[in-house]
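Colleague: Take this structure, written in structure tokens, and hold onto it; I'll ask about it next.
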Amino acid sequence: MHNAALAALGLTGWRYQKLPIGPERFAETVRALPAEGFAGVNVTIPHKEAALALADTATATARAIGAANTLTFAADGAIEADNTDAPGFLEAVGDVSGRTALVLGAGGAGRAVVHALVQGGATDVMVWNRTFERAERVAGELGARAVRAAEPADLIVQTTSVGLKGSSDPFKALPLNADTFEAGICVVDLVYRADGTTFLAAARSRGADVIDGLEILVGQGAIALERWTGRSAPRDVMRRAVQDPGLA
């Protein structure tokens, strides 16, 4: 996705690459990257909280969420942390003001979504997590409400890893069943799979509006790319590259 965007922008000297790093070497490795010519990095689990902790500065969004998924390196090597998951989510979902929302999961992605919903003006943001105490902590820190069981909502957002490996029955791990979905509800799954997730297939079959992880993946990635390059990200190019990796 990023390499396709860089090519479309004519940034031929730029390259996006994967860097597998264990937790024990994360901080040391990241601090060395600016001197190696890196403009920044995306950070995924389990490093998002560590990324925020090692940064020299952080955006208000990253501080509020308590996790960073994007680090940008200044010319002097200083590291700034940001979280593009939250604005990427709102870019994909649109106006959430006045809506009620149920967020499934209280990990890094869940925190970003809860923050986005609260800041976007949702009237009641509920947080469910397998461990209720974690849901309570996230809800308390971000101005939401922890729930032990699913409650009706206009917007249901699935932020857990359920479906990431193609689970055939996601409802075993979530406090919902397919009958929960109905016309007028919007269901979002942050997990992106080319063939779709079972969770979204069930929602679609019941008449719910659905948004898959592709749009959120593209949105958060585009915002990160813009921070690193100072250029407007070609979102259509990025979307096509995800859908057809042969284009990247």
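Values in this text are rule-based calculations from the coordinates and carry no lab data. For clarity, every value in this text was computed on a predicted model and none was experimentally measured. Positions of Cβ are backbone-derived with ideal geometry, glycine not excepted, and every protein chain shown enters the neighbour counts.
Colleague: Could you work out how far helix 213-229 tilts from the main Cα principal axis of the chain, as a 0 to 90 degree angle to the nearest 10?
Modeller: Computed tilt is about 30 degrees.
Colleague: Let me know the volume per residue of the alpha-carbon convex hull for the stretch 1-79, in Å³.
Modeller: On the way: hull volume 8.4 nm³, N = 79.
Cα-based convex hull of the stretch 1-79, divided per residue, equals 107 Å³.
Colleague: Okay, next question. Given a 10 angstrom Cα cut-off, can you work out which residue in GLY140, GLY230, GLY213 is the most mobile in a GNM of the chain?
Modeller: Among GLY140, GLY230, GLY213, the largest GNM mean-square fluctuation belongs to GLY230.
Colleague: Turning to a different aspect of this structure: Which value at 222 nm does the chain reach when only helices count, each DSSP H run of 4 or more adding -39,500 (n - 2.57), with the total divided by all residues and rounded to the nearest 500 deg cm²/dmol?
Modeller: On the way: 10 runs with 93 residues, N = 248.
Computed ellipticity for the chain at 222 nm equals -10500 deg cm²/dmol.
Colleague: Counting other beta carbons within 10 Å of each residue's own, what order do VAL43, VAL242, VAL103, VAL30 fall into, fewest first? Intermediate results must be reported in sequence, preceding the final value.
Modeller: Numbers: VAL43 25, VAL242 19, VAL103 33, VAL30 22.
Going from least to most buried by this count: VAL242, VAL30, VAL43, VAL103.
Colleague: Continuing with the same structure: Using a simple spin-label model with points 7 Å from Cα along the Cα→Cβ vector, what separation in nm is obtained for GLU182 and ALA149?
Modeller: Result for the modelled spin labels: 1.7 nm.
Colleague: Treat the chain as a sphere of radius equal to its Kirkwood radius over Cα pairs and apply Stokes-Einstein at 10 °C in a medium of 1.306 mPa s; give the translational diffusion coefficient in µm²/s, rounded to a whole number.
Modeller: This corresponds to a translational diffusion coefficient of 85 µm²/s.
Colleague: Now for a different question. If the elastic network links every pair of Cα atoms under 10 Å, which of ALA78, ALA116, ALA146 fluctuates the most in the Gaussian network model of the chain?
Modeller: Looking only at ALA78, ALA116, ALA146, the biggest GNM fluctuation is shown by ALA78.
Colleague: Quick check: the distance between the Cα centres of the stretch 217-239 and the stretch 86-131, to the nearest angstrom?
Modeller: Between the Cα centre of the stretch 217-239 and that of the stretch 86-131, the gap is 22 Å.
Colleague: In addition: Can you work out ³J(HN,Hα) from phi for every residue in the stretch 49-59, in order, using Karplus 6.51 cos²θ - 1.76 cosθ + 1.60 and θ = phi - 60°, giving whole Hz and x for Gly and Pro?
Modeller: 6, 5, 4, 5, 5, 8, 5, 6, 9, 8, 6
Colleague: While we're on this one: Specify, per residue and in Å³, the volume enclosed by the convex hull of the alpha carbon atoms belonging to the stretch 10-143.
Modeller: Residue-normalised Cα hull volume stands at 125 Å³.
Colleague: Further question on the same structure: Treat each spin label as a single point 7 Å out from the Cα along the C-beta direction, and report the ILE21 to ALA74 distance in nm.
Modeller: For ILE21 paired with ALA74, the spin-label model returns 1.9 nm.
Colleague: For each of GLU141, GLU80, count neighbouring Cβ atoms within 10 Å of the residue's Cβ, then give the residues from fewest to most.
Modeller: GLU141, GLU80
Colleague: For the stretch 97-168, run through the trypsin sites (Lys or Arg not before Pro) and keep only the ones in DSSP coil with at most 12 other Cβ atoms within 10 Å of their Cβ.
Modeller: ARG148, LYS165
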